[in-house]
């Protein structure tokens, strides 16, 4: 019998769920995951279950926010698609909420 795979909260997660995504969807998902500071697994599970995603300010999250702002600034003067607009709104909401130095609740 194999060893049980227990996570940090004592849950046994032994089922694998996989699905296909387009290249654009994967890039958008990766950007959301980087900004959340969560693992991809935790981000997807919280999003699918409708749980709130709490983002705590740490150097990794701040670096991801910085990279998104730089990315958006580089798009200035070009056609901006709806995904980039959505990400910018998300980034600005996170920055404003982090000014209170507390956790930030974001929409999945």
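Give the residue that is farthest from residue 17 (Cα to Cα), with candidates limited to residues of segment 28-54 that are touching a strand residue (DSSP E or B) at 6+ places or on another chain (Cβ under 8 Å) and not in a helix (DSSP H, G or I). So that I can check it myself, show each step before the final result.
First, the residues of segment 28-54 that are touching a strand residue (DSSP E or B) at 6+ places or on another chain (Cβ under 8 Å): 35-38, 43, 46-47, 52-54.
Still in the list and also not in a helix (DSSP H, G or I): 37-38, 52-54.
Values: 37: 22, 38: 18, 52: 21, 53: 21, 54: 24 Å.
The residue in question is 54.
Would it be correct to say that residue 14 is closer than 25 Å to residue 92 by Cβ and exposed (fewer than 12 other Cβ atoms within 10 Å of the Cβ)? No; evaluated as a whole, the condition is false for this residue. Can you tell me how many residues in segment 30-46 are surrounded by fewer than 17 Cβ atoms within 10 Å (Cβ to Cβ) and touching a residue at least 12 places away in the same chain (Cβ under 8 Å)? Result for segment 30-46: 1. If the condition is being out of contact with any helix residue (DSSP H, G or I) (no Cβ under 8 Å at 6 or more places or on another chain) and at pLDDT below 80, then segment 69-79 contributes 76, 77, 78, 79. Against the list (1) touching a helix residue (DSSP H, G or I) at 6+ places or on another chain (Cβ under 7 Å); (2) assigned to a helix (DSSP H, G or I), the condition residue 57 fails is (2). Could you tell me how many of the residues in segment 6-27 are closer than 30 Å to residue 71 by Cα and assigned to a loop (DSSP other than H, G, I, E, B)? Going through segment 6-27 one residue at a time, the tally reaches 5. Can residue 61 be described as closer than 16 Å to residue 43 by Cβ and at pLDDT 80 or above? Judged against the criteria, residue 61 is a match. Every condition in (1) over 24 Å from residue 25 (Cβ atoms); (2) modelled with pLDDT of 80 or more; (3) surrounded by 11 or more Cβ atoms within 10 Å (Cβ to Cβ) is met by residue 51 except one, and the failing one is (1).
The values are calculated or read from the model by the stated rules, or taken from the named source; none is laboratory data. Every value quoted in this text rests on a predicted model; they were computed, and no experiment measured them. FYI the Cβ positions are ideal-geometry reconstructions off the backbone, even for glycines, and counts take in every protein chain you see.
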